[in-house]
Amino acid sequence: MLKFFKFFYNVSYNYFRILISLLIIIPSGDNMHLKLFIPGPTEVREDVLKMLSKPVIGHRSKDMSDLYERIHNNLQKFFNTNYEVEVFTTSGTGLMEGSIRNVVQSKILNLINGSFSDRWYKIALANGKDAKAFEYEWGKAVKPGDVENLLEKEKFEAVALTHNETSTGVRSPFDEISKIAHDHDALLIVDAVSSLAGDLIDVNKADVIFAPTQKSFALPPGLAIAFISPAAMEKAKTVKDRGYFFDFIAMHDYYVEKKQIPATPAVSLFYALDYQLEKMLKEGMEQRYNRHKEMARMVQDWAKKNFDLFAEPGYESVTVTTVKNTKNINVENLRKELRARGMEISNGYGKLKEKTFRIAHMGDLTPAEIKELLDTMDEILNR
Ligand SMILES: Cc1ncc(COP(=O)(O)O)c(C=O)c1O
């Protein structure tokens with residue numbers, strides 16, 4: 001009898017232990033896939049991730065040249081341009097620095113309307129440039145009229161515009177600003193970090209325009225892509241101390257000669273980019289933009305119904321919405337509840353941490369996934 005009791009006790013005890021460990025392990029995040037609705041890195045699809053496990057090839061091999069040439073051509077094809085294209089193994093910040101070092105000897109106008117445009121100004125100063133800052137209240141867009149006035153009064157080699165301020169969810173009028181910059185003989189360098197490949201952008205209207213892979217391209221972090229106009233390439237040839245790693249001319253020469261990159265690139269990410277570009281070409285730029293617009297409308301309608309939008313009306317981003325926390329909810333709690341349900345959104349950026357929260361609708365996400373997120377948030381908030 002005692003033996004039976006002991007056996008029963010041991011079995012129950014062990015079952016209990018297994019059950020407790022499962023309860024701890026399953027929702028712990030190590031094992032659960034959190035679907036990313038944050039403004040980078042964004043959700044990467046399984047089939048794209050698989051490309052990362054292909055055998056690594058030598059970066060000086062013919063296979064690498066073929067891979068890079070295909071990527072080069074498909075980037076030009078998708079974005080409908082003959083501009084110089086370069087792929088750097090870096091994040092977006094690398095090209096914030098690289099673009100300035102290549103096309104600005106001294107005078108640059110930095111248009112600041114949020115945290116990332118402010119970072120770009122600091123990068124210009126850190127590189128010894130004579131940078132002038134023109135600042136807007138966070139949440140506002142850059143206005144073409146202001147740019148015109150500034151360029152009428154003073155000559156600048158380049159204007160730095162953050163097309164989509166990810167910190168505030170504001171999209172500035174790139175086409176108009178491009179015309180004004182060019183009418184005043186200034187190059188336009190554009191941070192399209194969170195909009196390129198999601199929003200409809202004519203890269204031919206910028207002189208340098210760049211984005212990393214972990215936002216609307218829906219790839220893992222690690223690469224950044226730059227499109228460079230013939231005027232910017234000509235200017236780069238005249239700029240002293242362009243540096244080494246981000247030297248556009250060296251990148252160009254290496255490509256022409258070998259279809260390769262001077263330093264060792266993140267080969268595995270190139271496989272993923274190559275594969276993703278094929279998928280993007282199948283979808284098409286216009287269609288990709290329409291999908292982003294539809295998702296943006298869904299999130300913005302939800303935000304207006306339940307809270308408010310942080311962005312100045314008429315300048316709302318197509319890829320990320322910043323929701324004004326008008327009900328003073330505990331944003332961290334909302335994020336925690338969503339995480340427990342397998343979804344991740346972002347808090348506000350920097351000084352907007354608890355005053356706003358951000359929902360990204362970029363990359364390969366679909367309207368159905370956005371609906372699921374919004375329904376889940378309704379369920380949590382209306383409990
Ligand atoms: C508009 C914008 N610019 C620059 C950056 C910096 O890019 P990265 O983090 O890839 O260096 C970010 C990052 O979120 C961004 O959103």
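Laboratory data are not the source of any read-out in this text; all were calculated from the coordinates shown. Being a predicted model, the structure only gives us computed values, none of them experimental. Cβ placement follows ideal geometry from the backbone for every residue including glycine, while neighbour counts extend to all protein chains displayed.
Listing for the model above:
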item	result
Ranking of Lys351, Lys240 by count of other Cβ atoms within 10 Å, fewest first	Lys240, Lys351
Gain upon complete extension [Leu125, Glu379; 0.36 nm per residue less C-alpha separation]	86.7 nm
The range 56-283, dipole about Cα centre (Lys/Arg Cβ +1, Asp/Glu Cβ -1), debye to the nearest 20	420
Unit charges at the beta carbon, dipole of the range 37-76: most positive-side option, Leu75, Gly40, Ile57	Ile57
Cβ-defined net charge surrounding Arg335, 14 Å radius [Lys, Arg +1; Asp, Glu -1]	+2
Protection-proxy order for peptides 112-125, 291-304, 157-170, 182-195, each taking the mean of Cβ atoms within 10 Å per residue, highest first	157-170, 182-195, 112-125, 291-304
C-alpha center-to-center spacing [the range 33-73, the range 251-315] in angstrom	14
Tilt relative to the chain, helix 248-258 - C-alpha long axis, 0 to 90 degrees, to 10	80
For the range 134-260, share of DSSP beta bridges that run antiparallel, in % to the nearest 5	45
Residues Ile209, Ile370, Ile108 arranged by fewest to most Cβ contacts within 10 Å	Ile370, Ile108, Ile209
Packing-based exposure ordering (other Cβ within 10 Å, fewest first) of Thr322, Thr81, Thr238	Thr238, Thr81, Thr322
The range 115-215 shape via C-alpha gyration tensor axes, a/c threshold 1.5	rounded
Backbone N within the range 342-361 under 13 Å of label point (7 Å from Met32 Cα along the Cβ vector)	342-345
Cα centre as origin, Lys/Arg/Asp/Glu Cβ charges: the range 229-383 dipole, Debye	400
Helix-derived mean residue ellipticity, 222 nm - over the chain, DSSP H n ≥ 4, -39500 (n - 2.57), to 500	-14500 deg cm²/dmol
Amide N of the range 230-248 lying under 12 Å from the label point, which is placed 7 angstrom from the Cα of Asn204 along Cα→Cβ	none
Counting DSSP beta bridges with both ends in the range 56-283, the antiparallel % (nearest 5)	40
Which of Val103, Pro173, Tyr315, positive extreme of dipole for the chain (C-beta unit charges)	Tyr315
